[in-house]
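To keep things clear, I will list the structure first and then write my remarks on it.
The values are calculated or read from the model by the stated rules, or taken from the named source; none is laboratory data. All of these numbers come straight from a predicted model, not from anything done at the bench. Virtual Cβ from ideal backbone geometry, glycine too; neighbours counted across all protein chains shown. Side chains included, ligands, DNA and RNA excluded: accessible areas come from the protein's heavy atoms. Shrake-Rupley method; radii C 1.70, N 1.55, O 1.52, S 1.80 Å.
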Amino acid sequence: MTPSPAFPEQLTHEQSDLLVRAGAPLFTRYAGNPILSRKDWPYSINSVFNAGATRLADGDTLLLCRVEDRTGLSHLCAARSANGIDGWRIDSPPTLMANPREYPEEIWGIEDPRITYVPELVQYAIAYTSFARGGPGVSLAMTRDFKSFERYGVIMTPEDKDAALLPRKLEGRWALIHRPMTALGAHIWISYSPDLRHWGSHKVMLAARRGGWWDANKIGLCSPPIETAKGWLVLYHGVRQTAAGGIYRLGLALFDLDEPAVCLKRGDSWIFGPEAPYERKGDVNNVVFPCGQTIGADGDTIHLYYGAADECIAMATGSIRTLLAWLDANSGTGCESGL
């Protein structure tokens, strides 16, 4: 894809270090944000947000969007674009609807998909939240074309969400990152499976801090981890509770490539938060919530797609190299204790 002003060229090590030292923003919002909203939809909806993202074989960017209709329930709908910014071609009818007759865990809708392309299976794995009387659970579906889907049903029982599959096996097992709510709190966990259906070996991967931190008490995975030579680069959200409600911001951590339960570095401060009007005010104020990204042809540029205030979808660009440099300069002790 030919780079545009929204998708900058790859940064050198020196440029990345200079940006980090200068305290430059790690993500730059697209000037034309939001890129998708209710007015763009070919049928009546309340809002569109929290989209999984992938780059298709034909070069198109596909966003699998969470769409909330006027019943209050959500379904998933695909939007495709040649440049990942505009000219979106949106499915009508919806791409993936809840099917409570066969999957009763979906009786109150399906939400927040995260897409992982799995080369071994030549398929895309979609981890999404299924919502029913027992609360939110993690469900899995596989597809080759985003037209037909094989549902695996719920694979992590309520209350659990914010899940993504890693793209390859580790010592013969698949790995899933997810966020159960337990007596221990809202932390990020990792679990393993031989067949994508039966899961075990559950471990806390990253703990929410305690006290006054920006990511105290409740955290969760954002977009699927990015595999780098230094480890799995993970964007996660933290929720700061204030007198006016919660504020959703993004943080950064790095995990071992072979043992992703092992945290190598964790930034102390948040790196991206609600600032623009479309992020500050909406159905849920003060929220930036990415569920997907694509990586540019340069292997460095991140195109981050995020839900803004639970009303629309926006895009920002960043650099893998710069994020890793920032972690080198700003990681603290959060890996060891999570406190």
Discussion item. Among the residues that make up the stretch 221-240, is at least one of them hydrophobic (A, V, I, L, M, F, W, C) and farther than 29 Å from residue 294 by Cβ?
Written reply: no
Worksheet item: Going through the stretch 191-214 one residue at a time, which ones are touching a residue at least 60 places away in the same chain (Cβ under 8 Å), crowded, with 18+ Cβ neighbours inside 10 Å and touching a Phe, Trp or Tyr at 6+ places or on another chain (Cβ under 9 Å)?
Response: 206
Discussion item. Just to check your reading of the model, which residue among 30, 43 is of a type in the set (Ser, Thr, Tyr) and open to solvent by less than 60 Å² (accessible area, probe 1.4 Å)?
Written reply: 43
Practice prompt. Would you check which residues across the stretch 293-327 are within 17 Å of residue 234 (Cβ to Cβ) and either modelled with pLDDT under 95 or touching a Pro at 6+ places or on another chain (Cβ under 7 Å) (or both) and list them?
Written response: 304, 305, 306
Fill in: So residue 96, is it touching a residue at least 40 places away in the same chain (Cβ under 8 Å) and in contact with a strand residue (DSSP E or B) (Cβ under 9 Å, 6 or more places away or on another chain)
yes
Discussion item. Can you go through 152, 128 and tell me which one is of a type in the set (Phe, Trp, Tyr), under 19 Å from residue 193 (Cβ atoms) and open to solvent by less than 10 Å² (accessible area, probe 1.4 Å)?
Written reply: 128
Response to the item:
In the set 183, 125, the lone residue that is free of Cβ contacts under 8 Å to residues at least 12 places away in the same chain, more than 28 Å from residue 269 (Cβ to Cβ) and aliphatic (A, V, I, L, M) is 183
Worksheet item: Does residue 192 satisfy being of a type in the set (Phe, Trp, Tyr), farther than 20 Å from residue 322 by Cβ and in contact with a His (Cβ under 8 Å, 6 or more places away or on another chain)?
Response: no
Item to complete: Name every residue in the stretch 77-93 that is touching a strand residue (DSSP E or B) at 6+ places or on another chain (Cβ under 7 Å) and more than 13 Å from residue 313 (Cβ to Cβ), in order of residue number.
Response: 80, 87, 89, 91
Practice prompt. Filter the stretch 246-270 for residues that are surrounded by fewer than 22 Cβ atoms within 10 Å (Cβ to Cβ), in contact (Cβ under 8 Å) with a residue 60 or more places away in the chain and in contact with a Cys (Cβ under 9 Å, 6 or more places away or on another chain) and give the result.
Written response: 264, 265
Worksheet item: Could we say that residue 188 is open to solvent by less than 50 Å² (accessible area, probe 1.4 Å), of a type in the set (Val, Ile, Thr) and either closer than 29 Å to residue 91 by Cα or modelled with pLDDT under 95 (or both) here?
Response: no
Worksheet item: Which of the residues belonging to the stretch 1-32 are closer than 26 Å to residue 163 by Cα and either at pLDDT below 95 or part of a loop (DSSP other than H, G, I, E, B) (or both)?
Response: 26, 27
Worksheet entry | the stretch 271-314 - residue that is among the polar types (S, T, N, Q) and under 18 Å from the mean Cα position of the chain (by Cα) and, of those, surrounded by the most Cβ atoms within 10 Å (Cβ to Cβ) | 293
